[in-house]
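Reviewing the structure listed below.
Laboratory data are not the source of any read-out in this text; all were calculated from the coordinates shown. Every value quoted in this text rests on a predicted model; they were computed, and no experiment measured them. Cβ placement follows ideal geometry from the backbone for every residue including glycine, while neighbour counts extend to all protein chains displayed.
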Amino acid sequence: MNTELKFNSNGTFKILQFTDIHYSNDNELDHGTTKLMEQILKAEKPDFIMITGDTVYGPDNISLLSKALLPVTDAGVPWSFTFGNHDTEEGAGYDKLFDAFTRLSNCAAFNADDSISGMGNHYLEVKDWEDNTKWLLFGIDSGAYNQLPQVEGYDYVKDSQIHWYKKVVQEFEKKADNFSALVFMHIALPEYNEVWDTRICYGDKREEVCAPKINSGFFTAMLETGHTKAVFVGHDHINDYIGDLYGILLGYGRATGYNTYGQEGYLRGARIIVLNENNTESFQTYIRLEDGIVLQEQMIHQPEKQR
């Protein structure tokens, strides 16, 4: 069921992105992640929470899920998620884990089309108080690992998903006068390399962009279809940069979980996105860190190559 999301009385809608929580065995590291999530939620008081993959990891994924997401369910606001590559690597598979996710309180995720690749592809509408759709929030399953035997590495968004995404946007063109969209997924698109190499970006790139080796054309579809203003991903734990490529912002969240790899001095946190009902062309975004610091402006990165 498509949960209805509304702008606040002040005309804003705040999204908090957690990513790579990696709740694995209910140990002290996991408990530290829980405390961090509670701290950030208390400080930010979001209207909506989006989790972009790798929420749980290991053979006990399904039994640990409610503990991993206790701060989210306790927050009392709608939330959604996308799968990462590790969520079902061990333990319960996609069907059972998806069912466990969606049974938790206030979960807005659903499987919009059983006929397309992946699990949990969906969209949510953010409406103003006159019931006009202003923003679409897409959750896309970016898969796990490439199933083509001749290709190694990570999976890619499939043709059926791209067709579905375009169809949804085109349907809203017929019934919404002025709307934009954000896309949330786990694995970065190949274009994340291009934006870092050829455009001014803001933030850190401390590891390789672990994008799929196959470019299936999802970014091109977003350009051709219009309306999508940004893509937000996780997956690469010590990257948090954001940059504009041909009018679409390509951004990372900030890795949240302690029970996984990171880098000394690189603090955990979350990304926040603030929408305004009177402006569907842009939005505000910033990062909140574990020490309470808010990064309203990230370090500038000059392109390494000519366009």
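So the values come out like this:
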| quantity | calculated |
| --- | --- |
| Selection count where residues are surrounded by fewer than 19 Cβ atoms within 10 Å (Cβ to Cβ), in contact (Cβ under 8 Å) with a residue 24 or more places away in the chain and within 30 Å of Gly11 (Cβ to Cβ), scope region 250-279 | 3 |
| Residue identified as in a loop (DSSP other than H, G, I, E, B) and either buried (at least 23 other Cβ atoms within 10 Å of the Cβ) or under 20 Å from the mean Cα position of the chain (by Cα) (or both) among Asp131, Asp141, Asp114 | Asp141 |
| Scan of region 280-307 for residues that are in a loop (DSSP other than H, G, I, E, B) and touching a residue at least 40 places away in the same chain (Cβ under 8 Å), ordered by number | Glu290, Gly292, Glu297, Gln298, Met299, Gln302, Pro303, Glu304, Lys305, Gln306, Arg307 |
| Pair list, Cβ < 9 Å and 6+ apart or interchain, from region 83-111 residues that are free of Cβ contacts under 8 Å to residues at least 24 places away in the same chain to residues that are buried (at least 19 other Cβ atoms within 10 Å of the Cβ) and outside any loop (DSSP other than H, G, I, E, B) | Asn111/Phe98; Asn111/His122 |
| Of the criteria (1) without any contact (Cβ under 8 Å) to a residue 12 or more places away in the chain; (2) under 17 Å from the mean Cα position of the chain (by Cα), which one Thr220 fails | (2) |
| Of the criteria (1) touching a strand residue (DSSP E or B) at 6+ places or on another chain (Cβ under 7 Å); (2) under 23 Å from His31 (Cβ atoms), which one Ala109 fails | (2) |
| All positions within region 199-224 that are closer than 29 Å to Leu295 by Cα, surrounded by fewer than 17 Cβ atoms within 10 Å (Cβ to Cβ) and among the β-branched types (Val, Ile, Thr) | Ile200 |
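Here is a yes/no grid of residues against (1) surrounded by fewer than 21 Cβ atoms within 10 Å (Cβ to Cβ); (2) part of a strand (DSSP E or B):
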residue: Tyr156; (1), (2): no, no
residue: Glu171; (1), (2): yes, no
residue: Asp177; (1), (2): yes, no
residue: Ala181; (1), (2): no, yes
